[in-house]
Structure formats: C-alpha cells, structure tokens
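Working notes, beginning with the structure itself.
Every number in this text was worked out from the coordinates using simple rules, so none of it is lab data. All values reported here derive from a predicted model rather than from experimental measurement. Positions of Cβ are generated from backbone atoms using ideal geometry, with glycine treated the same way; all protein chains shown enter the neighbour counts.
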Amino acid sequence: MVQSIIGKTRLQMLVGDITNQDTEAIVNAANPTLMGGGGVDGAIHRAGGPQILKECKEIRKKQGKCPPGEAVITSGGELIADYVIHTVGPIWHGGNSNEEEILADAYRNSLTLALKNKIKSVAFPSISTGAYRFPIERAARIALGTIRDFIRANQGLNEVRMVLYSQQDFEIYLSAWEDIITNNRDV
C-alpha cells in the first residue's frame, strides 16, 4: 500500500478486492444497463446481493441506461460499504472517440456524487481497463490526475482509495503517481 496526503484527503493505492473495502462507498465499473456483468461489475453485484440489482432496476425505470462518463448511486446491499456508485467508463476505440475525457468524467462524476451524498471515503477500481480495453498506463494517469485535481478543488473527502486487482496493475498506478508527483511538486 502507498498513500499520499492531498490537502486534508488521504489518497491510497493498494492491491485488493474492491468488494471487501471498508470505505463508505465503493465505485462499480458498470455497463450502461446497470444490470451487472463480468469483472468488477459482476463481483460487486454478487457480493452485494439482490438489493443492488433491485435499486439499479429502479434507476433504469426512471432514467434509462447510464451513459458513459455518468454515475448513479445505490445502497451497498450486503457489502461492507454503505453505498455503491455505479459509473460507466468508455470502451477503448483507439483513443479517437473522446475516451480520455469520458474516463475523467467517470471519476469526476463519481466523486461529485460522493460529496453530494456526504460520503467521506470512497474506493475505486481501475475503470475501463478490463473488458473495455482502455490501456492501463493511460488510464492510471487519467484516474490519478483527475482524482488529485478534484481533491484540490473540493473539500469533504477524508479518503480516496485506488484498489488494484493485481500487483502488476498496482505497479503501473504507482509509476503513474510518481510521474505526476515529479511533474507537480506541490502535491
């Protein structure tokens, strides 16, 4: 685990299981249907039980699908976390379809929703780097840079975690963070 302090907020990066995090909210790398799926999305729906799917169905009735870059919130069901923030990252199409901005929006909108709901701690997976094939080196820089900028501009979060699936993913995020710190000495 590695941690940094940005203002009054602790940013942590660790290898772990997003479904076991003791933060107030975890973020789900959802698909637009909000009906569960594979990877992180399926794991969260399985661990959280049927309540999460029920609430996702209610959201779908009200607003339809969740567009890429947007975020919605449900309870945590049977998870340790009280809430799940579902966000849809972009599918990688080679970098020419606004994927980087959509990915940044997914992180920003998730953090905005956390603050709106007075959530003080949130854990993220690496959004879009699995089945959606976003290159993880680029995704790490976008994720960490967006989180850092959001924390600098907004108060209210005590902790933000990046929960990486593997040691290899952790090393990529750590390298990206070290590069961000090197180029932005006031972090």
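Using the alpha-carbon atoms, what tilt in degrees (0 to 90, nearest 10) does helix 136-153 show relative to the longest principal axis of the chain?
It is inclined by approximately 90 degrees.
Among (1) 49, 35, 33; (2) 46, 36, 29; (3) 90, 29, 23, find the value of Cα extents along the principal axes in Å that was calculated from the structure presented, and write down its label.
Checking each listed value against the structure points to (2).
Along the stretch 52-66, what does the Karplus equation 6.51 cos²θ - 1.76 cosθ + 1.60 (θ = phi - 60°) give for ³J(HN,Hα), rounded to whole Hz, x for Gly and Pro?
Result, ordered by residue: 5, 4, 4, 5, 5, 5, 5, 4, 4, 4, 7, 10, x, 5, 9 Hz.
Please give the calculated 222 nm ellipticity per residue for the chain, where each DSSP H segment of at least 4 residues contributes -39500 (n - 2.57) and the sum is spread over every residue; nearest 500 deg cm²/dmol?
The helix contribution divided over the chain gives -13500 deg cm²/dmol.
For helix 99-116, report the angle its Cα long axis makes with the longest principal axis of the Cα atoms of the chain; keep it between 0 and 90° and round to the nearest 10°.
Helix 99-116 sits at roughly 70 degrees to that axis.
If you average the sequence gap of Cα pairs under 8 Å that are 6 or more apart and divide by the length of the stretch 2-106, what percent do you get for the contact order?
On the way: 174 pairs, mean separation 28.6, N = 105.
Reported as a whole number, the value is 27 percent.
How much length is gained if the chain between Asp17 and Arg152 is pulled fully straight, taking 0.36 nm per residue apart and subtracting their Cα-Cα distance, in nm to one decimal? Can you show the working numbers first?
Details: separation 135, 0.36 × 135 = 48.60 nm, distance 2.71 nm.
So the extension gain works out to 45.9 nm.
Under a GNM of the chain (C-alpha, springs under 10 Å), which listed residue has the highest mean-square fluctuation: Ile26, Ile136, Ile44?
Evaluated over the chain, the most mobile residue of the options is Ile136.
What FRET efficiency, computed as 1/(1 + (r/R0)^6) with R0 = 22 Å and r the Cβ-Cβ distance, is obtained for Ser75 and Lys120, rounded to the nearest 0.05? Could you put the intermediate results ahead of the total?
Details: r = 17 Å, r/R0 = 0.76.
Result of the calculation: an efficiency of 0.85.
Just Arg141, Arg152, Arg161 to compare: in a GNM of the chain, with alpha carbon springs under 10 Å, which one fluctuates most?
Its mean-square fluctuation being the largest, the pick is Arg152.
For Lys8, put the label point 7 Å out on the Cα→Cβ axis and report which residues of the stretch 118-160 keep their amide N under 20 Å from it.
Inside the label zone: 118-123, 147-160.
Given contacts defined as C-alpha pairs under 8 Å and at least six residues apart, what's the relative contact order of the stretch 2-183, whole-number percent?
Working: 367 pairs, mean separation 53.0, N = 182.
So the answer I get is 29 percent.
Output the peptides 33-42, 93-102 sorted from most to least packed, where packing is the average of other Cβ atoms within 10 Å over each peptide's residues.
On the way: 33-42: 17.5, 93-102: 13.8.
Highest to lowest by the protection proxy: 33-42, 93-102.
Can you grab the distance from the C-alpha centre of the stretch 144-187 to the C-alpha centre of the stretch 12-65, Å, no decimals?
Centre-to-centre distance over Cα atoms comes out at 22 Å.
Sort 70-76, 104-110, 116-122 by the packing proxy (mean of other Cβ within 10 Å over each peptide's residues), most packed first. Don't jump to the answer; show the numbers that get you there.
On the way: 70-76: 20.4, 104-110: 22.6, 116-122: 16.0.
By packing density, highest mean first, the sequence is 104-110, 70-76, 116-122.
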